[in-house]
Amino acid sequence: MLKDITIGQFFPGDSIIHRLDARMKLIVTFAAIIEIFVCRNFYALALTVVYAVAAVLLSKIKLKVIFRGLRSILFIILFTSILQIFYNSKGDTLFEWWKIKITTGGLIAAAFMVIRIVTLILISSLLTYTTSPTTLTDAIERVLSPLKKLHVPVGTLAMMMTIALRFIPTLVDEVGKIMNAQKARGADLDTGSVIQRAKALIPIFVPLFVNSFRRAYELAFAMECRCYSDAEHRTRLKVMKLHARDFGYLGVDLLLLGGIIALNILFGKQI
Amino acid sequence: MTDTIWLRFDHVHYSYPAEEGQKAVPAVTDVSFDVHEGEFVCVLGHNGSGKSTIAKLSNAILIPDQGVVTAMEIDTSQESRELEIRQNVGVVMQNPDNQIVATIVEEDVAFGPENLALPQKEIRRRVDDALKAVDLYDMRFHEPHKLSGGQKQRVAIAGILAMEPHVIVLDEPTSMLDPKGRTEVLDYIHKLNRERGIAVVLITHYMDEAVQADTVYVMEKGRIVLRGTPEAVFAREDVLDSTGLELPECAALASALRQAGVPMPKSVLSPEALAEALAQVLPREVTP
């Protein structure tokens with residue numbers, strides 16, 4: 001179960017997507033997410049799909065990884081699409097029983113929603129797949145740095161994010177170890193009702209929390225030993241520099257936006 | 001060895017703040033010792049002997065209740081010079097998992113120099129240099145959680161090394177490692193001491209790690225009970241017995257032989273010394 005979590009994971013590589021400036025990737029990804037929601041018909045949506053697929057192919061991330069990431073949100077996709085099918089009652093009725101009515105409009109809306117969510121996940125997970133978490137938090141820090149003027153502790157927030165990301169694999173490992181330790185003591189984690197299983201998780205989470213606090217204490221000590229005093233006055237190993245390719249990337253995104261707007265006007269609202 | 005003293009404990013006392021309704025237990029009582037330029041010091045002690053407190057006192061994480069700790073001639077109670085002290089006296093801890101901050105090896109090593117607000121070029125130079133010193137340069141883009149325990153501890157050492165300290169204090173750096181990782185880490189610690197002249201304070205409960213030290217201090221209940229060269233310290237079995245520490249294998253064997261009536265010299269610490277001592281007493285010719 002825990003090994004399936006790939007959202008937020010980084011896969012080192014040397015593709016053009018990997019080499020793009022993280023700040024630009026961050027901004028363009030946010031722009032693209034908004035653009036996906038601007039789409040009003042299938043033609044515009046198809047354009048975002050083309051964009052997402054092209055980006056995935058260019059990133060040279062294994063398709064297996066991409067599908068695994070999508071599988072973990074399968075439930076959300078199913079849930080929203082079922083909701084769409086029942087909620088939307090436009091178009092011809094295909095099936096009716098008691099209060100349940102399935103219409104062509106509902107099916108189209110569901111398909112639209114599924115494509116939209118999948119594209120959304122593709123584009124946003126590509127950001128974390130191709131950018132090391134430290135670079136990403138670095139980029140977030142730099143993109144948000146104007147907020148420093150308003151006394152927002154941007155550096156500290158970025159540091160907290162880095163540490164959280166750093167400890168995900170460590171804690172996942174630890175959950176596995178504690179689970180095995182409790183199983184060895186006769187804990188039954190896999191059978192019983194939902195409530196029973198939830199209760200069985202308590203002896204997993206209590207030691208996990210206790211250990212996390214101990215870890216946090218030790219980490220704070222280690223950081224102090226390495227002269228950490230405040231996050232706002234640090235220098236960086238990596239200097240971020242914008243290249244021509246980064247502006248090219250922005251250009252592609254602007255073209256996408258233009259295309260979407262044009263198709264929206266051309267074909268009108270379908271959904 | 002020259003006379004320059006890089007780290008000095010002068011009659012240091014320290015007690016952790018007492019919890020409500022409890023009496024403060026002194027962790028360190030009247031501890032004095034000097035670490036000279038380029039010296040390899042080993043502090044031996046069992047759990048609760050106060051040896052980890054020594055590490056925290058050495059770089060101003062804790063300030064002594066009484067007495068003075070001086071790091072590179074700076075009194076550690078001067079709060080304004082805290083960073084200077086910590087840059088000069090680096091501390092490596094027991095659990096490598098809890099002292100690695102970043103998700104990429106080289107970015108973690110850069111953490112210290114980044115905090116010192118060094119220029120980017122200087123950070124790059126120090127990171128590369130530190131990684132080469134522990135032979136992890138080829139793994140600089142790896143994720144720390146995928147490395148072995150020994151490699152993780154080497155990353156932690158490189159992280160300290162990148163601050164270019166004069167003294168490195170290691171608090172039980174090998175206790176969470178497997179035997180292979182242990183030798184690996186110890187080899188690098190000795191190499192740094194030998195080749196870079198970095199003074200090392202190795203805090204441990206493994207007596208065999210103390211064999212190659214210049215000076216050994218044995219701690220019990222917060223006090224230093226023995227001090228001297230490894231040979232001199234290991235010869236004092238009377239005191240060592242009460243500390244609950246175990247003799248290095250060769251010394252333990254020599255001691256057992258002595259008790260069984262085989263004449264053995266007082267300080268047998270290495271396999272070579274043991275072989276020589278045995279050669280003296282064994283019959284020269286072995287009949288098949």
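The values are calculated or read from the model by the stated rules, or taken from the named source; none is laboratory data. Given the structure is predicted, the values throughout are model-derived calculations rather than measurements. Positions of Cβ are generated from backbone atoms using ideal geometry, with glycine treated the same way; all protein chains shown enter the neighbour counts.
Key figures for this structure:
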item: Residues that are more than 21 Å from residue A:136 (Cβ to Cβ) and within 7 Å of chain B (Cβ to nearest Cβ), drawn from region A:218-236; result: A:218, A:221, A:222, A:224, A:225, A:226, A:227, A:229, A:233
item: Region A:238-271, residues that are more than 20 Å from residue A:20 (Cα to Cα) and surrounded by fewer than 17 Cβ atoms within 10 Å (Cβ to Cβ); result: A:258, A:261, A:262, A:265, A:266, A:267, A:268, A:269, A:270
item: Set B:62, B:44: member being in the same structural domain as residue B:171 (by TED's automatic domain parsing), crowded, with 18+ Cβ neighbours inside 10 Å, outside any strand (DSSP E or B) and in contact with a strand residue (DSSP E or B) (Cβ under 8 Å, 6 or more places away or on another chain); result: B:62
item: Residues satisfying the stated conditions in region B:253-271, i.e. touching a helix residue (DSSP H, G or I) at 6+ places or on another chain (Cβ under 9 Å) and not in a loop (DSSP other than H, G, I, E, B); result: B:253, B:254, B:255, B:257, B:271
item: Options A:212, A:193, A:229: the member that is exposed (fewer than 14 other Cβ atoms within 10 Å of the Cβ) and polar (S, T, N, Q); result: A:193
item: Any hit, region A:232-240, residues being within 30 Å of residue A:54 (Cβ to Cβ), under 27 Å from the mean Cα position of the chain (by Cα) and either in a helix (DSSP H, G or I) or touching a residue at least 40 places away in the same chain (Cβ under 8 Å) (or both); result: yes
item: Set B:97, B:135, B:65, B:129: member being under 22 Å from residue A:133 (Cα atoms) and in contact (Cβ under 8 Å) with a residue 12 or more places away in the chain; result: B:97
item: Inter-residue pairs, beta-carbon under 7 Å, first over 16 Å from residue B:135 (Cβ atoms) and in region B:173-187, second assigned to a helix (DSSP H, G or I) and among the aliphatic types (A, V, I, L, M), 6+ apart; result: B:173/B:185; B:174/B:185; B:174/B:186; B:177/B:185
item: Residue A:139 modelled with pLDDT of 85 or more and loosely packed, with under 14 Cβ neighbours inside 10 Å; result: no
item: When residues of region A:239-253 are limited to those that are within 14 Å of chain B (Cβ to nearest Cβ) and touching a helix residue (DSSP H, G or I) at 6+ places or on another chain (Cβ under 7 Å), the one nearest to residue B:84 (Cα to Cα); result: A:239
item: Region B:1-30, residues that are closer than 16 Å to residue B:167 by Cβ and of a type in the set (Ser, Thr, Tyr); result: B:2, B:4
item: Checklist (1) within 20 Å of residue B:42 (Cα to Cα); (2) surrounded by fewer than 24 Cβ atoms within 10 Å (Cβ to Cβ) applied to residue B:145, failing item; result: (1)
item: Qualifying residue in region A:178-187 (condition: assigned to a loop (DSSP other than H, G, I, E, B) and modelled with pLDDT under 85); result: yes
item: Only listed residue being surrounded by 12 or more Cβ atoms within 10 Å (Cβ to Cβ), over 15 Å from residue B:211 (Cβ atoms) and at pLDDT 80 or above, chosen from B:273, B:279, B:260, B:256; result: B:256
item: Helices (runs of 4 or more DSSP H) (entirely within region A:19-124) containing at least 1 residues that are over 23 Å from the mean Cα position of the chain (by Cα); result: A:42-59, A:74-87
item: Answer from B:136, B:131 - the residue that is more than 7 Å from chain A (Cβ to nearest Cβ) and either touching a Phe, Trp or Tyr at 6+ places or on another chain (Cβ under 6 Å) or at pLDDT 95 or above (or both); result: B:131
item: Test: residue B:100 is in the same structural domain as residue B:174 (by TED's automatic domain parsing), in a helix (DSSP H, G or I) and either modelled with pLDDT under 95 or over 19 Å from residue B:171 (Cβ atoms) (or both); result: no
item: Subset of region B:77-115 (residues that are more than 7 Å from every other protein chain (Cβ to nearest Cβ), crowded, with 24+ Cβ neighbours inside 10 Å, closer than 13 Å to residue B:153 by Cβ and of a type outside the set (A, V, I, L, M, F, W, C)); result: B:96, B:108
item: Tally of residues being surrounded by 12 or more Cβ atoms within 10 Å (Cβ to Cβ), without any contact (Cβ under 8 Å) to a residue 60 or more places away in the chain and within 24 Å of residue B:145 (Cα to Cα) across region A:173-190; result: 7
item: Residue ID - surrounded by the most Cβ atoms within 10 Å (Cβ to Cβ), chosen from residues in region A:159-172 that are at pLDDT 85 or above and touching a helix residue (DSSP H, G or I) at 6+ places or on another chain (Cβ under 6 Å); result: A:159
item: Long-range neighbours under 6 Å by Cβ, at least six apart or interchain, first residue within 15 Å of residue B:12 (Cβ to Cβ) and assigned by TED's automatic domain parsing to the domain that holds residue B:53 within region B:218-233, second surrounded by fewer than 21 Cβ atoms within 10 Å (Cβ to Cβ) and at pLDDT 90 or above; result: B:222/B:29; B:223/B:29
item: Selection count, region B:36-54, where residues are within 13 Å of residue B:7 (Cα to Cα) and touching a helix residue (DSSP H, G or I) at 6+ places or on another chain (Cβ under 9 Å); result: 3
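For (1) among the β-branched types (Val, Ile, Thr); (2) in a strand (DSSP E or B); (3) surrounded by 15 or more Cβ atoms within 10 Å (Cβ to Cβ), each residue gets a yes or a no:
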residue: B:208; (1), (2), (3): no, no, yes
residue: B:212; (1), (2), (3): no, no, yes
residue: B:217; (1), (2), (3): no, yes, yes
residue: B:226; (1), (2), (3): no, yes, yes
residue: B:232; (1), (2), (3): no, no, no
residue: B:238; (1), (2), (3): no, no, no
residue: B:241; (1), (2), (3): no, no, no
